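Asker: Sharing a structure below in structure tokens format, with a few things to ask.
The values are calculated or read from the model by the stated rules, or taken from the named source; none is laboratory data. Since we're looking at a predicted model, the values are computed, not measured. Reconstructed Cβ throughout: ideal geometry from the backbone, glycine too, with neighbour counts over all protein chains shown. Only protein heavy atoms, including side chains, enter the accessible area calculation; ligands, DNA and RNA are left aside. Shrake-Rupley method; radii C 1.70, N 1.55, O 1.52, S 1.80 Å.
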Amino acid sequence: MREKISRRSILKNGLLGTVTALLLRPKAGKAHDIKKYPDSMGVLVDLSRCVGCRSCEAACRAEQNLPEPDLPYTDQTVFEELEHGRQRRTDETRFTVVNRYDPPDLGHPLYRKVQCNHCQEPACLSSCFVNAYTKTPEGAVVYNPDVCVGCRTCMIACPFYIPTFKYSSAFSPQIMKCRFCYDTRLKFGKPPACVEACPQEALQFGKRDELIKIGRRRIEENNGSYVDHIYGEYEAGGTSWLYLSKVPFAQAGFDMTVPHAPILDSVKNFLGIVPMVLTIWPALFAGFHLLATRKDQARDNARDNSQEDAS
Amino acid sequence: MRKLSPTAMLCGSILMVILCSFTGRPLAMEKDEAPASVTIDYLQELYTAVDFDHQMHADNYACNTCHHHTTGDGPANDTCAKCHGDSGPAGDVSCSSCHDRQQAASASPAGHRHSDVYHIDKPALKGALHLQCHGCHQVEDGPTGCQDCHAFTPKGRKIFGVHNNVND
């Protein structure tokens with residue numbers, strides 16, 4: 001005998017199934033070990049040493065064969081430039097920019113170099129569905145334009161607003177960003193061009209683990225003149241580029257709201273339920289629809305039959 | 001081993017006593033032994049050589065302002081003084097004798113020598129010179145613009161996108 005299934009029991013079981021599936025999904029917020037390449041390289045940036053000479057910008061342009069800027073690198077008026085009310089950013093013509101800040105209690109300007117921070121667990125990499133990004137054992141986050149479809153999700157995923165789109169070639173999509181001079185220098189053990197160009201040794205190249213030790217030593221040996229924090233040691237799950245500062249990082253334009261957990265951790269629970277939603281929900285709601293309309297259809301059929309009988 | 005004659009030993013002892021009675025520690029280098037001018041020419045790719053007026057700086061500042069402890073004056077920095085308070089003059093006081101020309105790719109101590117363990121944060125020559133000169137110039141109102149000390153070479157002008165001679 002066929003078991004009788006009421007509409008109510010289908011609804012009840014369907015909802016129960018969805019709720020169970022939601023509850024049984026991977027535990028939210030579970031800490032995970034950050035994958036680390038033990039000998040990956042990094043750069044320690046000491047903001048207090050930077051004098052805003054822009055030698056790094058000039059060296060980067062030459063190394064990466066980027067177009068020549070409108071103004072020479074000796075021109076300091078670029079520090080006044082505002083684009084849409086904000087300071088200069090990296091774009092398809094420049095992988096690094098130096099910006100000036102005027103912290104209230106410092107008495108002299110402070111300069112900050114912006115480039116890709118080469119995260120340990122890059123959000124751009126996690127967000128890319130064609131795997132155009134790679135974190136190399138040397139520490140660089142490199143991008144492969146050959147597989148990129150130009151969706152620009154990486155630009156939204158990056159907590160530091162680094163990947164930029166080459167709008168001048170929209171039909172062969174290309175993301176433009178600092179590549180740690182991977183192809184020309186890093187993979188041969190050489191420091192990136194910007195580091196080599198820095199006259200003040202505001203940029204120091206070395207193994208990330210050792211740079212953290214050097215950073216700690218510098219904080220200790222300078223009698224409290226440095227902020228007791230290395231920005232990038234934990235931010236966004238840790239970055240290959242690390243920063244020391246003598247003024248609060250927020251005063252040099254650093255985003256202090258960047259979580260210490262990798263960006264992936266904030267979205268993986270959501271991403272985890274996407275396949276379940278895509279497979280269960282269509283069947284469930286199609287079922288609801290059929291059940292809801294079955295009575296009407298039966299009534300319509302009955303009416304049609306009775307009309308046929310009458311005529 | 002050859003034995004020293006008693007006379008030689010006596011002479012040596014007398015000489016040491018005389019020397020130590022003057023200073024209490026090895027003799028410091030005298031200012032007039034210092035060069036009048038130093039040409040800094042190891043980085044001539046983008047910039048021409050810099051003629052550093054050593055005499056003017058030596059006349060106005062103590063040796064240890066720049067030379068840390070190597071001229072035998074005792075270091076000005078408390079951290080250095082912990083070990084180098086009495087270390088006396090070094091055989092070579094030039095910046096390049098301690099500060100390497102290339103920034104080390106790894107800052108890890110190569111061995112277990114104290115100099116390696118305690119000097120893990122030693123800048124390379126270019127960094128040392130700029131941090132020392134530029135840092136002091138900021139405080140003492142010396143010249144701080146890049147072109148105040150450095151004249152571009154043709155390659156430097158190209159790299160920096162300077163197409164006229166105004167910024168020389």
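Asker: When the residues of the stretch A:209-227 are filtered to those that are among the aliphatic types (A, V, I, L, M) and more than 9 Å from chain B (Cβ to nearest Cβ), which remaining residue is most open to solvent (accessible area, probe 1.4 Å)? Steps first, answer last, please.
Answerer: Initial filter on the stretch A:209-227 (among the aliphatic types (A, V, I, L, M)): A:211-212, A:214, A:219, A:227.
Filter once more, keeping what is more than 9 Å from chain B (Cβ to nearest Cβ): A:212, A:219, A:227.
On the way: A:Ile212: 25, A:Ile219: 16, A:Val227: 42 Å².
Filtering the stretch A:209-227 for residues that are among the aliphatic types (A, V, I, L, M) and more than 9 Å from chain B (Cβ to nearest Cβ), the one most open to solvent (accessible area, probe 1.4 Å) comes out as A:Val227.
Asker: What is the residue count in the stretch A:62-100 for residues that are closer than 21 Å to A:Arg185 by Cα, β-branched (Val, Ile, Thr) and open to solvent by 50 Å² or more (accessible area, probe 1.4 Å)?
Answerer: Adding up the residues that qualify gives 1.
Asker: Filter the stretch A:222-260 down to the residues that are in contact with a Pro (Cβ under 6 Å, 6 or more places away or on another chain), over 19 Å from A:Val141 (Cα atoms) and assigned to a helix (DSSP H, G or I) and list them by number.
Answerer: If the condition is that a residue be in contact with a Pro (Cβ under 6 Å, 6 or more places away or on another chain), over 19 Å from A:Val141 (Cα atoms) and assigned to a helix (DSSP H, G or I), then A:Gln251 is the only one that fits.
Asker: Next question, about the same structure. Scan the stretch A:194-206 and tell me whether some residue there is open to solvent by 20 Å² or more (accessible area, probe 1.4 Å), in contact (Cβ under 8 Å) with a residue 12 or more places away in the chain and over 21 Å from A:Arg94 (Cα atoms).
Answerer: no
Asker: For the stretch A:211-232, enumerate the residues that are within 25 Å of the chain's Cα centre (by Cα) and not hydroxyl-bearing (Ser, Thr, Tyr).
Answerer: Passing the criteria: A:Leu211, A:Ile212, A:Gly215, A:His229, A:Ile230, A:Gly232.
Asker: Hey, another quick one. Only one of these conditions is not met by A:Lys36: (1) under 24 Å from A:Pro191 (Cβ atoms); (2) modelled with pLDDT of 90 or more; (3) out of contact with any Pro (no Cβ under 7 Å at 6 or more places or on another chain). Which number is it?
Answerer: (2)
Asker: Checking the condition more than 30 Å from B:Cys136 (Cβ to Cβ), within 14 Å of another protein chain (Cβ to nearest Cβ) and modelled with pLDDT under 95, which residue from A:Gly189, A:Gly237, A:Gly206 passes?
Answerer: Of A:Gly189, A:Gly237, A:Gly206, the one residue that is more than 30 Å from B:Cys136 (Cβ to Cβ), within 14 Å of another protein chain (Cβ to nearest Cβ) and modelled with pLDDT under 95 is A:Gly189.
Asker: Here's something else I'd like to know. Go through (1) of a type in the set (S, T, N, Q); (2) over 24 Å from B:Gly156 (Cα atoms); (3) buried (at least 20 other Cβ atoms within 10 Å of the Cβ); (4) at pLDDT below 95 one by one and return the number of the condition A:Thr20 breaks.
Answerer: Going through the list (1) of a type in the set (S, T, N, Q); (2) over 24 Å from B:Gly156 (Cα atoms); (3) buried (at least 20 other Cβ atoms within 10 Å of the Cβ); (4) at pLDDT below 95, A:Thr20 breaks only (3).
Asker: So in the stretch B:29-56, with the set limited to residues that are over 22 Å from A:Thr74 (Cβ atoms) and among the hydroxyl-bearing types (Ser, Thr, Tyr), which one is modelled with the lowest pLDDT?
Answerer: Per the stated criteria, the residue is B:Tyr42.
Asker: Determine, yes or no, whether A:Arg152 is within 23 Å of A:Arg88 (Cα to Cα) and without any contact (Cβ under 8 Å) to a residue 24 or more places away in the chain.
Answerer: Numbers: within 23 Å of A:Arg88 (Cα to Cα): yes; without any contact (Cβ under 8 Å) to a residue 24 or more places away in the chain: yes.
In short, yes.
Asker: Quick check on my filter: what residues within the stretch A:228-240 are buried (at least 17 other Cβ atoms within 10 Å of the Cβ), more than 15 Å from A:Val43 (Cβ to Cβ) and without any contact (Cβ under 8 Å) to a residue 24 or more places away in the chain?
Answerer: Scanning the stretch A:228-240 gives a single hit, A:His229.
Asker: Which of the residues belonging to the stretch B:124-145 are more than 9 Å from chain A (Cβ to nearest Cβ), among the charged types (D, E, K, R) and assigned to a helix (DSSP H, G or I)?
Answerer: B:Glu140
Asker: Follow-up question, since we're still on this one. Go through B:Asp121, B:Asp148 for me and flag whichever is outside any helix (DSSP H, G or I) and either at pLDDT 90 or above or within 13 Å of chain A (Cβ to nearest Cβ) (or both).
Answerer: B:Asp121
Asker: Only one residue in A:Thr134, A:Thr164 is at pLDDT 90 or above and open to solvent by less than 30 Å² (accessible area, probe 1.4 Å), so which one is that?
Answerer: A:Thr164
Asker: If you don't mind, another one. Would you check which residues across the stretch B:56-77 are open to solvent by less than 80 Å² (accessible area, probe 1.4 Å) and not in a loop (DSSP other than H, G, I, E, B) and list them?
Answerer: Passing the criteria: B:His57, B:Ala58, B:Asn64, B:Thr65, B:Cys66, B:His67.
Asker: Tally the residues that are in contact with a helix residue (DSSP H, G or I) (Cβ under 9 Å, 6 or more places away or on another chain) and either within 30 Å of B:Gly156 (Cα to Cα) or among the small types (Gly, Ala, Ser) (or both), restricting the search to the stretch B:40-66.
Answerer: Final tally of qualifying residues: 12.
Asker: Take the stretch A:196-218 and flag every residue that is closer than 17 Å to B:His119 by Cβ and hydrophobic (A, V, I, L, M, F, W, C).
Answerer: Hits for the stretch A:196-218 are A:Leu211, A:Ile214.
Asker: Restricting the search to the stretch A:192-203, which residues are within 23 Å of A:Gly238 (Cβ to Cβ) and more than 8 Å from chain B (Cβ to nearest Cβ)?
Answerer: A:Pro192, A:Cys194, A:Ala202, A:Leu203
Per-residue answers, yes or no, for (1) in the same structural domain as A:Val227 (by TED's automatic domain parsing); (2) surrounded by 11 or more Cβ atoms within 10 Å (Cβ to Cβ):
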residue	(1), (2)
A:Met256	yes, no
A:Ser266	no, yes
A:Asn269	no, yes
A:Pro282	no, no
A:Ala286	no, no
A:Ala298	no, no
A:Asn301	no, no
A:Asp304	no, no
A:Glu308	no, no
